[in-house]
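In what follows, a single structure is set out as structure tokens and then discussed.
The values are calculated or read from the model by the stated rules, or taken from the named source; none is laboratory data. Bear in mind the structure is a predicted one, so any value in this text is a computation, not a measurement. With ideal geometry, Cβ positions are generated from the backbone for all residues, glycine too; neighbour counts draw on all protein chains shown. Only protein heavy atoms, including side chains, enter the accessible area calculation; ligands, DNA and RNA are left aside. Shrake-Rupley method; radii C 1.70, N 1.55, O 1.52, S 1.80 Å.
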Amino acid sequence: KHSTGFNIPVGDFSSYNNAVDLFYEGQVEEERFTSEKANIFRAASDAKKRLERKLENLFEDRKKAEDNIRLSKYGELLLANFSKIKRGMKEVSVLDYYNDPPQEIVIPIDPALLPQENIDKIFKRVKKAKRAIELLKERIPQVEDEIRYLEEIQYQLDTAEDIDDLSDIREAILKGGYVKKRHVLKGFNSGKEGKGLRVKRGDFKTEPVRRFKSTDGCEILCGKTASGNDLILRRYARDYDVWFHACGTAGS
């Protein structure tokens, strides 16, 4: 009737074997759920770390580009003092009229280049830096959005309640291209790779939607995942419904 730490109400089942089967099936399912959840969290965490490194590199690229854009001032000053520049010089002292009052500054140049080549080199770097800045204006927000998306995925994992929830999250990170399919959740569908566990997801598939009632009886639907939100809008939303969403925060 009892196993250590567990009370199995045998009277609710047709036989002792049936009670034990159902009890251990639940134990196995719980172990599988915990394992799958850890695997997805690790995959999402690794993808987030890669994106954070990429973002850091992009910030460094932006700083370099901004520094190079400021070289435009040196190019203009060299043009204004063209007669002072001689091949073989490593630096040129010029009056910086951008400052108020103007002051003498030293501009480093390449001694192997002709005066015009030194000036052209500076303006080429400036032009390249401006192109880079325009590209980074688009790329940096994209990577920041992806990081926020993965933070949302991690939040969804924390609040996942069953294998179906994990399945939706798994599909989201696969669809997003954050991990390769063969690297995520070996044995997720059990059968061959799942250490002998054979649980059919179709037997207990539920919608990725939570349902609540407000104090005055209004029905509230909340998507567990992005696919759950899509389902609410596509299947359940009507003209008189109100949709709330918080931007820039996980688990909104």
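Whole-Hz Karplus ³J(HN,Hα) for the stretch 75-87, in order, using 6.51 cos²θ - 1.76 cosθ + 1.60 and θ = phi - 60°, x for Gly and Pro?
x, 5, 5, 5, 4, 5, 10, 3, 5, 7, 7, 10, 4
Can you work out the Karplus-derived ³J(HN,Hα) for every residue in the stretch 217-234? Use 6.51 cos²θ - 1.76 cosθ + 1.60 with θ = phi - 60°, whole Hz, and x for glycine or proline.
Along the stretch 217-234, the couplings run x, 6, 7, 10, 10, 10, x, 6, 9, 4, 5, x, 4, 4, 4, 4, 5, 7 Hz.
Once the Cα atoms of the stretch 1-141 are picked out, what are the Rg and Dmax in Å?
Values for the stretch 1-141 (Cα only, Rg and Dmax): 34.4, 104 Å.
Kindly provide the trypsin sites (Lys or Arg not before Pro) of the stretch 87-140 that DSSP labels as loop, not H, G, I, E or B, and whose Cβ sees at most 12 other Cβ atoms within 10 Å.
Filter output for the stretch 87-140: Lys90.
May I ask you to give the percent of accessible area on the stretch 1-150 that is carbon plus sulfur, with a probe radius of 1.4 Å?
53 percent
More than 12 Å apart: what percent of Cα pairs in the stretch 63-113 qualify?
67 percent
Using the Cβ atoms and a cut-off under 13 Å, what net charge is assigned to the surroundings of Phe212, where Lys and Arg are +1 and Asp and Glu are -1?
+2
Determine the gain in length on full extension of the stretch Phe123-Cys247; use 0.36 nm per residue of separation and subtract their C-alpha separation, reporting nm with one decimal.
Between Phe123 and Cys247, full extension yields an extra 40.5 nm.
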